[in-house]
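What follows is a set of notes on a single structure, which appears directly below.
Values in this text are rule-based calculations from the coordinates and carry no lab data. A quick note: this is a predicted structure, and the numbers were derived from the prediction, not measured. We place every Cβ from the backbone using ideal geometry, glycine too, and count neighbours over all the protein chains shown.
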């Protein structure tokens, strides 16, 4: 468990980092942020990056701010930064609750939000958040920058639209309306393990009916995603008009689950229904507490 | 003046002597050791589960700067394979593991080449460059299928072990009812915090080969290495350092232990190898994978008439040091605390293309207790009886002790030495509040939760012989040195042995220094395994201390002009029993017994003694596990809410340490019951080679545990009545958890396989409820 030789670059400005990355990315150079996935993979010799561009010394990338109704999360903001709400209203509480499900405390103190998005593990909580809430991912390169919607950024399991010479510099999340509610449900074998299945649900109740329901699932398919058919079952109705069992059944039907040696597609399909129903239940309960 | 009374240490939870270095960071594990000019070794491992080796190219690796040597099997000459500890079971030698693969590879992770380099990084870089050209062969992975070919002319079933007595077929014919189960336990093993490691150097000044990082069986390993390397045992020294957990897997001879020795001798430089976690999960002994087809014939009251058992044992790719012991002991000890008039067991010992298997804490008993207790639950279900009542009716009575089983295990006749199984059961039920637990679980079920309680009874075994020797020496400063050939795996043996020596001798236990695990300090030793150290070394220590005490009192009686019977040893000083008068310390007596001391006279120099303890029979502690679980019906997730273990240890030397053994063992038992499993793909690729895939229990999953230690049945096989405590915490965890899950879901026999993962529980619910779940 000793990584193969590599050269470590420690730029202090984004321009410098992009210049180095531009030089080394063709031979497999990678960006190092929290390193909580990358470094173990190097130690296991699953990946052999000959260069690492460490962006932790680039001060502006640690920025976390609310501007124009958007929460901006810089590339080196750690998971643990969200343990306490970083923004007023439901979003801060949502991120705080979800952050507690990410791995273990030491990992949360080092791993980053944007690093999780870039790694694009199917069971990543932040990828689920990004897809469900509609994050925008800001990429920089020597040629300039571009902004991708989460839907365009995630391409497959462990795969994103980021080009090798690009750095994810920040992600922006829309601040949720104060009246919105959310619910999160995750099932895993042990505390801190990758989710076998999870769901994040948000909606608002306006005039007694559900508005803008978002129902995301993660850990079930190759990428987290929203379930539009299940969302449609909730939209514009009283929340009590939809049976949890019906939501669960619809979620099971809508997903196309992964299969692996320990977990069959059938199990994951069933679990999708369970976590969706539970997340909706949690959102309803949260709403009830507020009312 | 008040007479002084000796302080008693046996039975007290005194603090552990070994903790200071462990808690202050002064401990020295093998990875902490370095010798000047040492080389680092890296093993190149097979990526194929089964294949023919067409060639291994090492040129590129050898050319890397800092690489000193790269060897394959061809470079090892006629180095013999990994040895087997002899048993009566024949036919195993052709299946031993070569130090480096020869001709074929038989599991992913099998050593095929070895690199020696100036740095650990360089060694790993070079290992990456070794190219093994392997023609894949069909792997054999499922012992429920007919055996395959191990090598031309050799099947993958080296032996079939048969045990039993009575007329099983006749018993089945007259049975009131018959119950048959098909049960299995998944492959899992010990995950010590410290991985394996070895550091060898050839000390040319003394012409001695030193091996640091020894554990468990230093003397046997020394003798075997001597034979393999054609050296005299007098020229090999094994050193035990601090050990971060053994549990059966550490301290056996593995290819790496041999390779560091060969490397150090041939290359003339010390060679260090520290196993990484992935290697541990690929190459250290695995355990537990068994399939059981078991049938019981019972009368109308649920009493056993006969048990008919077929075991399919997955040994992995090779026979290692333990031979077929685990399979043998599984069927030899399967019957636990119950009276079974007729018994027939057949163990098919089969090799598969997986990591080789051997012992893991409570080997054969974790599995056997799961199977036996599932069987009892099934009988109760079948006859509509209370499972506790069925157990009571079948328990061997205390008046029947010693109870001759008519079976063997670990090359000894199984004779249950002492026990009051029914007595402990009743005590445990009251102590744990079992009835209230059951009632509360039922009430919660009525309210819609899936909560249940489960139960498992077991008999452990401990105190395996054949022998142990102790040298005990009192130094002039009063320090007492106890040298034993047993070893420490961190279990607290130094403290337990010190407590026994202190009580016998009449000294403070803190004045005792216990030395162990170093072959250059003592000629014989049988190590630390099979819950034997407190019993074997403990009794040898007591005997040595008796002899030293007698010598001290005889000498003091002359010096103090008192009758020896009127003297006592109190806190290291010989005093008059009635109090007052002159006294002399053991240290002063030791000084006067120095070889050159004028007052020694014709006495043997030194206040010292040596004693042996020999034992042909194991002794048998026993216990009860009780679990309360809550199952999430929708996900299949299991939360263990509460756990109780009652254990009769015969004589508790240090209750706190016994409790620690039980709780620690339980964490491993619960891991095996719910979480841990080495999985393999259809082509034999191991899938559990990181901690993200091999799930050990963590603090979050560990329930509150209550432990009741009793001393109702001291062993008649040693004067202190000692029995072992190393494995009782693991033993019936699978049994109790399975039973509790059944109860929670109100589906008898739901758990037929361990670990009971959420995925498994869901699939069983669907299967048993016809897809309704």
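A few remarks follow.
- Volume per residue that the Cα convex hull of the stretch A:7-54 spans, once the total is divided by residue count, Å³: 61
- Average other protein chain Cβ within 10 Å of Cβ, residues A:255-261: 2
- The ellipsoid equivalent to the alpha-carbon distribution of the stretch B:615-773 has semi-axes of 33, 18, 14 angstrom, derived from the gyration tensor eigenvalues as √(5λ) and listed largest first.
- Residue B:60-residue B:149 FRET efficiency (beta carbon distance; Förster radius 35 Å; 0.05 resolution): 0.55
- Point-to-point label distance, residue A:48-residue A:209, nm (Cα→Cβ direction, 7 Å offset): 6.1
- Counting every alpha-carbon pair across the protein assembly as shown, the share separated by more than 49 Å comes to 34%.
- Distance in nm between pseudo-label sites at residue B:232 and residue B:37 (7 Å out along the Cβ direction from Cα): 2.5
- The length gained on full extension between residue A:1 and residue A:59, counted as 0.36 nm times the residue separation minus their Cα-Cα distance, comes to 17.8 nm.
- Nearest 10 degrees, 0 to 90: helix A:90-99 Cα axis against chain A principal axis: 60
- Alpha carbon convex hull of the stretch B:572-684, volume per residue in cubic angstrom: 283
- Cα-based helix-to-principal-axis angle, A:14-24 vs chain A, degrees rounded to 10: 70
- Burial order of peptide ranges B:532-538, A:191-197 (average beta-carbon count within 10 Å, highest first): B:532-538, A:191-197
- Dimensionless Rg ratio for the stretch A:181-290, taking C-alpha atoms and the 2.2 N^0.38 Å reference: 1.03
- Using the average count of surrounding beta-carbon atoms within 10 Å as a protection proxy, the listed peptides A:50-60, B:624-634 rank, highest first, as B:624-634, A:50-60.
- Listed peptides B:569-577, B:689-697, B:22-30 by packing density, highest first (mean Cβ within 10 Å): B:569-577, B:689-697, B:22-30
- Helix-only CD estimate at 222 nm, as mean residue ellipticity for chain A, using -39500 (n - 2.57) per DSSP H run (n ≥ 4): -9500 deg cm²/dmol
- Spin-label zone in the stretch B:526-552 - amide nitrogen under 18 Å from a point set 7 Å from the Cα of residue B:603 along the C-beta vector: B:544-552
- Mean projection area, nm², convex hull over Cα of the stretch B:214-353: 11.7
- Note on residue B:165/residue A:16: beta-carbon distance plugged into 1/(1 + (r/R0)^6) with R0 of 56 Å gives a FRET efficiency of 0.10.
- Projected label points at residue B:223 and residue B:208, each 7 Å from Cα along the beta carbon direction, are separated by 2.0 nanometres.
- Principal semi-axes in Å for chain B [√(5λ), Cα gyration tensor, largest first]: 43, 38, 22
- GNM flexibility winner over chain A from A:114, A:252, A:127 (Cα, springs under 10 Å): A:252
- Averaged over the residues of peptide B:630-638, the number of Cβ atoms from other protein chains lying within 10 Å of each residue's Cβ is 4.
- The helix-based estimate of mean residue ellipticity at 222 nm for chain B, built from -39,500 (n - 2.57) per DSSP H run of four or more residues and divided by its residue count, is -8000 deg cm²/dmol to the nearest 500.
- The stretch B:393-416 and the stretch A:87-164 have Cα centres separated by 62 Å.
- Debye-sum result for chain A in log10 I(q)/I(0), which assumes one identical scatterer on each alpha carbon, at q = 0.13 Å⁻¹: -0.88
- Modelled FRET efficiency - R0 45 Å, residue B:301 with residue B:52, Cβ distances, 0.05 increments: 0.15
- Kirkwood Rh in Å, taken over the stretch B:113-247 so that all alpha-carbon pairs contribute: 21.3
- At q = 0.12, 0.20 Å⁻¹, base-10 log of I(q)/I(0) for the stretch A:63-174 (Debye sum, equal scatterers on each alpha carbon): -0.37, -1.06
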